[in-house]
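The values are calculated or read from the model by the stated rules, or taken from the named source; none is laboratory data. As the structure is a computational prediction, the values presented were derived from the model and not from experiment. Neighbour counts run over all protein chains shown; Cβ positions are idealised from the backbone, glycine included.
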Amino acid sequence: MIKIRLIAASLLCGFLACTGAAVAATGAAKNTSKTPKQYTIEQFMATVSLGGASFSADEKRILFHSNESGIFNAYTLSVNGGKPEALTKSATDTTFAVSFFPNDDRILYTRDKGGDENNHLYVRELDGSEKDLTPGDKLKASFAGWRPDGGIFFVSSNERDPKVFDIYRYDTKTYARTLFYKNENAYSIGAISRDEKWIALNKTNTTLDGDIYLYDVAKGETKHLTPHTGAINFSAATFDPSSQRLFLLTTEGGEFTRLRTYDLTSAAMKDHEKADWDVVTTYFSRDGKYRVTAVNQDGSIAIRVVEGASEKPVKLPTLPGGEIRGVTFSKSGARMAFYLNGDRSPSNLYVYDFKSKQAKALTQSLSKEIDAKDLVEAEVVRFKSFDGMVIPSIYYKPLGASATNKVPALVYVHGGPGGQTSRGYNAQIQYLVNHGYAVLGINNRGSSGYGKTFYAADDRKHGREPLWDCVEAKTYLASLGYIDSERIGIIGGSYGGYMTLAALAFRPEAFKVGVDIFGVSNWLRTLESIPPYWESFRKSLYEEIGDPVKDKDMLIAASPLFHAKEIKKPLIVIQGANDPRVIKPESDEIVEAVKKNGVPVEYVVFPDEGHGFSKKKNSIEANRKILEFLDKYLKKG
């Protein structure tokens, strides 16, 4: 996804050896000589994707979303398990569950049209009818929280001005609303205090620099909380349940993001929690009893839960084969719902009972036709790039790969620019590995999760140093002894798609093929056509990549479209017609330009998709075509 991450991250080897071919994989499964059973893309996509979790008022059911029907819809499931009940049944537009109402069985959910990202907030009434709570054209809305008693909820919307998000206060019974906060300075909304007296606002300045402002609702005054010098990032996380303190994230004082508190009465600010990695979020349970913190720990998510004012650590259930994610609590705090996600197992919904200390799996997401033993565990690996910078990556080795059975490989580039390839189930990667391709998910310089120095190391260097890291990844792969060095390609989506095009245009000798999935080809156009609701971090985006007016020459130099004559290797391009971030002309023009070179080019456009895949049928078609392309031009070519 093309976006600027507001959480700083950086390079740190930690306990791992920082050598050119160092491999570190805590608990990674050993590859054997086993030849795995190969599965079709239909079998991989029969796996169900899940997300969201909200307990009903009586704490007996959980609301979530699932793409079991082929597209995401809202479902409920008993905390005792059983068959999920579909509450929405859209066949065309993605529906994401938001929340049960705190005191009855109504639900909130969001829906856009064909991937256009103009989400509206809907309510499903007790009789099953639905109502759009945010009607209108070309607006984007999202849920912003409940008042503790459930009588009021908040919604952010850019209907007044497409560049900014205001906050509206809705009555739970009548849906009557009032404007709660008029956003006239393009802030992003950080948090609303439970007593409705304070709103924390974030202001993005540059990639590494951000501020927090505090709005006093009664006085209508805004106070700057974080005046500072130098590049330091501050962002609001949440208010405490008593509305006495603001919890905030900051990079001040180190490479990694730590958690601080700001006392609303005394204005005292102090450190509260830190780790050897980035603290990425913190939030409280509805009853205020528990606080959850997530830490980005070397490509994995580590969850911490504490209880009460003394913040006594809560012992989480020990479960095999994955990480706990997406923790949420029932109204009374008696139960906790979460997802368990592993490299070989997609997210499954669990419920944990604090009294009995028992965790129960409610879903089985992996297709019954797939044996997890035929899939592979990821490994965390590191290699030195051209200038000695150590590049962390997530690596998948095919079962059966050996010096006598060499395999082709792919350098897999994440979105961003400031994204991160992390541990966890990835159906596309497992599909490619299952069909004999080694995949290195590179976290090139500029990726989040490894400290602010590493995170900023790609600023205004796109098409150069970050790309050269990808070229060095090819060298690393070739050094492993079981990779065919003549059969290494590059693949990526969004910013990763840009890196694919950049590799073929600027280092045409490096990779055998390229797979571009809704990638940028012309930075000038992309930066000029960004959605208006990105206004809050437009300046940061320009600082990171370039200003389309002031830095026109630099952006032309970094844009593959203007150097398409250099692309001489086979290319496949995937595009959603409704993509608001990387618009369709980006792909149309690069395909047309490369075809003039007499190079094999395949172009696949989905008329009902945006920036990514929301429908299984489209994901099936795209991944099948990608594998057919790779088999033809990389494996056999």
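Considering only the stretch 481-502, state which residues are crowded, with 24+ Cβ neighbours inside 10 Å and either outside the structural domain of Asn405 (by TED's automatic domain parsing) or assigned to a loop (DSSP other than H, G, I, E, B) (or both). The one that is crowded, with 24+ Cβ neighbours inside 10 Å and either outside the structural domain of Asn405 (by TED's automatic domain parsing) or assigned to a loop (DSSP other than H, G, I, E, B) (or both): Ser494. Residues in the stretch 577-609 that are closer than 14 Å to Asp516 by Cβ and of a type in the set (Gly, Ala, Ser) were compared, and the one that is surrounded by the most Cβ atoms within 10 Å (Cβ to Cβ) is Ser587.
Checking Pro417, Pro408, Pro392 one by one, the residue that is buried (at least 24 other Cβ atoms within 10 Å of the Cβ) and out of contact with any strand residue (DSSP E or B) (no Cβ under 8 Å at 6 or more places or on another chain) is Pro417 and no other. Every test in (1) under 19 Å from Leu630 (Cβ atoms); (2) free of Cβ contacts under 8 Å to residues at least 60 places away in the same chain; (3) polar (S, T, N, Q) is passed by Ser529 save one, and that test is (1). Has the stretch 550-570 got any residue that is modelled with pLDDT of 95 or more and of a type in the set (Val, Ile, Thr)? Scanning the stretch 550-570, I find at least one residue that is modelled with pLDDT of 95 or more and of a type in the set (Val, Ile, Thr), so the answer is yes.
Scanning the stretch 233-259 for residues that are farther than 25 Å from Gly299 by Cβ and either basic (Lys, Arg) or free of Cβ contacts under 8 Å to residues at least 24 places away in the same chain (or both) returns Gln244, Arg245.
Quick test for you: out of Gly150, Gly145, pick the one residue that is outside any strand (DSSP E or B), closer than 24 Å to Tyr75 by Cβ, out of contact with any Gly (no Cβ under 9 Å at 6 or more places or on another chain) and not assigned by TED's automatic domain parsing to the domain that holds Asp608. Only one candidate passes the filter, namely Gly150. When Gly446, Gly388, Gly451, Gly441 are checked against the criterion of being within 30 Å of Ala46 (Cα to Cα) and in the same structural domain as Val515 (by TED's automatic domain parsing), a single residue qualifies: Gly441.
Residue-by-condition table, conditions (1) crowded, with 17+ Cβ neighbours inside 10 Å; (2) in a loop (DSSP other than H, G, I, E, B):
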{"position": "Thr178", "(1), (2)": "no, no"}
{"position": "Ala231", "(1), (2)": "no, yes"}
{"position": "Asp276", "(1), (2)": "no, yes"}
{"position": "Thr281", "(1), (2)": "yes, no"}
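The set of residues in the stretch 290-314 that are assigned to a loop (DSSP other than H, G, I, E, B) and either in contact (Cβ under 8 Å) with a residue 24 or more places away in the chain or over 28 Å from Gly451 (Cα atoms) (or both) comprises Asp298, Gly299, Gly308, Ala309, Ser310, Val314.
Taken together, Leu366, Leu375, Leu399 contain a single residue that is more than 25 Å from the chain's Cα centre (by Cα) and under 16 Å from Ile429 (Cα atoms), which is Leu399. On the basis of being farther than 26 Å from Ala564 by Cβ and either in contact with a strand residue (DSSP E or B) (Cβ under 8 Å, 6 or more places away or on another chain) or surrounded by 22 or more Cβ atoms within 10 Å (Cβ to Cβ) (or both), does Phe537 make the cut? Taking the combined requirement at face value, the residue satisfies it. Counting the residues of the stretch 161-176 that are buried (at least 19 other Cβ atoms within 10 Å of the Cβ) and farther than 28 Å from Asp105 by Cα gives 2. The residues in the stretch 188-205 that are touching a Lys or Arg at 6+ places or on another chain (Cβ under 8 Å) and either polar (S, T, N, Q) or not in a loop (DSSP other than H, G, I, E, B) (or both) can be counted, and the count is 3.
Taking the criterion of being at pLDDT 95 or above and hydroxyl-bearing (Ser, Thr, Tyr), the residues of the stretch 495-535 that qualify are Tyr495, Tyr498, Thr500, Ser521. Residue under question is Ser494, and the condition is that it be under 19 Å from Asp516 (Cβ atoms), touching a residue at least 12 places away in the same chain (Cβ under 8 Å) and touching a strand residue (DSSP E or B) at 6+ places or on another chain (Cβ under 9 Å); does it hold? It is true that Ser494 is under 19 Å from Asp516 (Cβ atoms), touching a residue at least 12 places away in the same chain (Cβ under 8 Å) and touching a strand residue (DSSP E or B) at 6+ places or on another chain (Cβ under 9 Å). The numbered conditions (1) surrounded by fewer than 24 Cβ atoms within 10 Å (Cβ to Cβ); (2) more than 19 Å from Pro585 (Cβ to Cβ) are all true for Val515 except (1). Once the stretch 315-335 is narrowed to residues that are surrounded by 19 or more Cβ atoms within 10 Å (Cβ to Cβ) and within 27 Å of Ser448 (Cβ to Cβ), the residue that is modelled with the lowest pLDDT is Gly322. Going through (1) assigned to a loop (DSSP other than H, G, I, E, B); (2) out of contact with any Lys or Arg (no Cβ under 9 Å at 6 or more places or on another chain); (3) among the charged types (D, E, K, R) one by one, Lys632 falls short only on (1). Summed over the stretch 194-207, the residues that are under 26 Å from the mean Cα position of the chain (by Cα) and crowded, with 19+ Cβ neighbours inside 10 Å give a count of 7. Considering only residues that are surrounded by 20 or more Cβ atoms within 10 Å (Cβ to Cβ) and part of a strand (DSSP E or B), which ones fall in the stretch 125-142? Scanning the stretch 125-142 gives a single hit, Ala141. Considering the stretch 70-93 alone, what residues qualify as being at pLDDT below 95 and among the polar types (S, T, N, Q)? Those that are at pLDDT below 95 and among the polar types (S, T, N, Q): Ser90, Thr92. Residue pairs whose Cβ atoms lie under 7 Å apart, separated by 6 or more positions or on different chains, with the first residue in the stretch 352-364 and under 22 Å from Leu50 (Cα atoms) and the second among the charged types (D, E, K, R), are Tyr352/Arg335; Asp353/Arg335.
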